[in-house]
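Step one of this worksheet: look at the structure below.
The values are calculated or read from the model by the stated rules, or taken from the named source; none is laboratory data. Keep in mind it's a predicted model, so treat the numbers as computed, not measured. A quick note on method: Cβ atoms are made from the backbone with ideal geometry, for glycine too, and the neighbour counts reach across all protein chains shown. The area values use the complete protein model at the heavy-atom level, side chains included, leaving out ligands, DNA and RNA. Shrake-Rupley method; radii C 1.70, N 1.55, O 1.52, S 1.80 Å.
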Amino acid sequence: MKKAARQLLFYLFLLLVWQLLFQRKLWPPYLFPSPTMVGEALWQGFSDRTFLVGVTISMRRIALGYGFAVVLGVVLGFLIAASDFLEATVGGLVLSLQSLPSICWLPLAILWFGLSERAILFVVVMGSLLSVTINTEVGVRHVPKLYRMAGRNLGARGFGVFAHVLFPASLPHLVVGLKQGWAFAWRSLISGEMIFVSLGLGHLLMVGRDLNDMSQVIAVMIVIMALGQLVDQLIFRGVESRIRNRWGLAREV
Amino acid sequence: MSTIWARERAESHPKEQPKLHLKHVTRLFQTPNGPLTALDDISLNVAEGEFLCLVGPSGCGKSTLLNLMAGLDRPTEGEIWKDGERLDGPATDHIMIFQELGLFPWLTVRENVEFGLRMRGVAKPERQARAREYLRLVHLSHFERSYIHQLSGGMKQRVALARALATDPAVLLMDEPFAALDAQTRDRLHEELERIWTETRKTIVFVTHNVREAVRLGDRVVVLTFRPGRIKTALTVKLPRPRHLEDPHLALVARDLLVQLKEEISRSAKEEYRDEESG
Ligand SMILES: Nc1ncnc2c1ncn2[C@@H]1O[C@H](COP(=O)(O)OP(=O)(O)OP(=O)(O)O)[C@@H](O)[C@H]1O
Ligand SMILES: [Mg+2]
């Protein structure tokens, strides 16, 4: 509770600074709107439902793209960890691909899929797939040999070793990968949506720019941040703290 | 009564096919300092229903030997046979209590005990009941929902014992399973283990540093040498059961063994010292 109060105070302080800066009239209001103007834009956006439509469309895209990346990434991560051959070949490729910012995939996506839904999904998948894969692989490699031996000794074989030992044992790492993958997916999605008329939140940002409406741009940015945070808090924090409690790992402060 | 039974067993032993038969088993490990002979030419029979104790200085290859007997590791040379068949891959009815236990942190205490049964496809109600039964045996009923990190060292050892027993293995391989227990708990678990062994005729291979514990429990005590691990002595303990740790006869047998063990321990200490000097 104390933490929440402190956070609230901090954000109020930020708003205050913002308001004061606005009142100094350093920049014209259409370039540097006041908190109230942004608040109005937020209200406006939600009451005429454009933001709601944007949020829905973006969330649907990310659910698809991220979901696909998670399934593929986890499978790929396990395969790479299981095979020295794949590790030497695909593993190295995955590492070097990760240095590419996901937006680099956009030209390729547009050439392959045109200005379409699939192009955006492709960028989202490429943005998050690699960090899920890498963290899964690291997670599996970090599973103590003892667990594997104990599992086999108690009768786990083949896929059972994977399902009952390797997978649960690598969860702490896996969740880090999922969380990181989520952040990457969200960023990739917004960048992808900024490129063409796509109706998502990223597109709303561009609409704001085209209308020279800084309040709307900032309002959409706030929505994007809030959604990213919300999912992080609601889903990943909970999962992470459950895992930490089970394993008896130190609590994250 | 138990005395007579123990004698019967000792007599019937040569006729039976050994439960475990180790034939010139050698295990080399590749290390940064070159190959290390952990075990060298070990030949050993473990009779069906025998309680065999292994003692030896730290690093002499006791855990390595148990891993081999569980089929979790392969000998570099030599062969291991179980029930007249060549052991090749993990043996499902040779259950190990690992020195570091290897309890699963993502499962509750009860789920850990259930694990082996789950792998054998035992239905949930039955395996829960079995797990509870064994948790009661090790006096951990109240902790069935706890996670492993919430237990003390001794409690963890008891969970590992319950997990191993729950699968009702033919061979129980125990790697210093009672090292972290207080004297009372250890006494009680000695009795409990002896009772289970008497009732179920399991074959048990029990590793310990504690010579008295070995004499308290074993039909036979094998002392291993230090680097390379070879069999130094094998002694049949003829004391009647039930035995007591404080029994002066037991202490006498243990003293003989301790002399043997101490030779090896001091040899191992010298070797470490020499390694430090040269390295
Ligand atoms: N996987 C491995 N790789 C390399 N060397 C190993 C490996 N496992 C064991 N050794 C070496 O083999 C020797 C025997 O090890 P082992 O664990 O069997 O000893 P131990 O008798 O169980 O000792 P302790 O009583 O301390 O548990 C040691 O010198 C150890 O360094
Ligand atoms: Mg050991």
- With respect to B:D88, determine if the residue is in contact with a Lys or Arg (Cβ under 7 Å, 6 or more places away or on another chain) and assigned by TED's automatic domain parsing to the domain that holds B:L193. no
- Message: Suppose we filter region B:37-96 for residues that are β-branched (V, I, T), away from chain A (no Cβ under 13 Å) and more than 19 Å from B:V211 (Cβ to Cβ); how many remain?
- Response: 5
- Restricting the search to region A:55-81, which residues are under 15 Å from A:S170 (Cβ atoms) and without any contact (Cβ under 8 Å) to a residue 60 or more places away in the chain? A:V75, A:L79, A:I80
- Tell me which residues, restricted to region B:37-72, are open to solvent by 30 Å² or more (accessible area, probe 1.4 Å) and more than 8 Å from ligand 1 (Cβ to nearest atom). B:T37, B:D40, B:D41, B:S43, B:N45, B:E48
- Out of B:Q30, B:Q17, which single residue is loosely packed, with under 15 Cβ neighbours inside 10 Å, more than 12 Å from chain A (Cβ to nearest Cβ) and not in a strand (DSSP E or B)? B:Q17
- Right, A:E117: on the phi < 0 side of the Ramachandran plot, touching a residue at least 40 places away in the same chain (Cβ under 8 Å), open to solvent by less than 10 Å² (accessible area, probe 1.4 Å) and acidic (D, E) or not? no
- Task: Would you check if B:L239 is among the aliphatic types (A, V, I, L, M) and open to solvent by 10 Å² or more (accessible area, probe 1.4 Å)?
- Result: yes
- Query: Restricting to helices (runs of 4 or more DSSP H) lying wholly in region A:1-84: which have 1 or more residues that are surrounded by 15 or more Cβ atoms within 10 Å (Cβ to Cβ) and β-branched (V, I, T)?
  - Reply: A:35-47, A:50-82
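This table checks each residue for (1) of a type outside the set (A, V, I, L, M); (2) touching a Pro at 6+ places or on another chain (Cβ under 6 Å); (3) in contact (Cβ under 8 Å) with a residue 40 or more places away in the chain.
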| site | (1), (2), (3) |
| --- | --- |
| B:I95 | no, yes, yes |
| B:L103 | no, no, yes |
| B:V113 | no, no, yes |
| B:R120 | yes, no, yes |
| B:Q128 | yes, no, no |
| B:L140 | no, no, no |
| B:L151 | no, no, yes |
| B:A164 | no, no, yes |
| B:T167 | yes, no, yes |
- Message: Filter region B:61-95 down to the residues that are within 15 Å of the chain's Cα centre (by Cα) and closer than 30 Å to B:A269 by Cα and list them by number.
- Response: B:G61, B:K62, B:S63, B:T64, B:L65, B:L66, B:N67, B:L68, B:M69, B:A70, B:L72
- Can you name the residue in region B:191-210 that is within 16 Å of ligand 1 (Cβ to nearest atom) and open to solvent by 10 Å² or more (accessible area, probe 1.4 Å) and is also farthest from B:R255 (Cα to Cα) among such residues? B:H209
- Selection from region B:45-83 of residues within 30 Å of B:L239 (Cα to Cα) and part of a loop (DSSP other than H, G, I, E, B) yields B:A47, B:E48, B:G49, B:E50, B:G56, B:P57, B:S58, B:G59, B:C60, B:G61, B:D83
- Just for helices (runs of 4 or more DSSP H) wholly inside region B:141-222: which have at least 2 residues that are within 16 Å of ligand 2 (Cβ to nearest atom)? B:153-166, B:211-217
- Scan B:A234, B:A180 and give me the residue that is open to solvent by 40 Å² or more (accessible area, probe 1.4 Å), within 25 Å of B:H94 (Cα to Cα) and touching a helix residue (DSSP H, G or I) at 6+ places or on another chain (Cβ under 9 Å). B:A180
- Note on the structure: Of B:T108, B:T76, the only residue that is of a type in the set (S, T, Y), at pLDDT 90 or above and outside the structural domain of B:N210 (by TED's automatic domain parsing) is B:T108
- Qualifying residue in region B:138-147 (condition: within 21 Å of the chain's Cα centre (by Cα), within 16 Å of ligand 1 (Cβ to nearest atom), under 27 Å from B:E213 (Cα atoms) and at pLDDT below 95): no
- Select from region B:33-82 the residues that are farther than 18 Å from B:D175 by Cβ and β-branched (V, I, T) and write down the one among them that is nearest to ligand 2 (Cβ to nearest atom). B:T37
- Message: Suppose we filter B:T200, B:T236 for residues that are more than 20 Å from B:K156 (Cα to Cα), touching a residue at least 60 places away in the same chain (Cβ under 8 Å) and polar (S, T, N, Q); which single one remains?
- Response: B:T236
- Considering residues of region B:97-131 that are β-branched (V, I, T) and more than 9 Å from chain A (Cβ to nearest Cβ) only, the residue surrounded by the fewest Cβ atoms within 10 Å (Cβ to Cβ): B:V122
- Message: Being of a type in the set (V, I, T), open to solvent by 70 Å² or more (accessible area, probe 1.4 Å) and touching a residue at least 24 places away in the same chain (Cβ under 8 Å) narrows it down to one residue among A:I218, A:I190, A:I222, A:I195; which is it?
- Response: A:I195
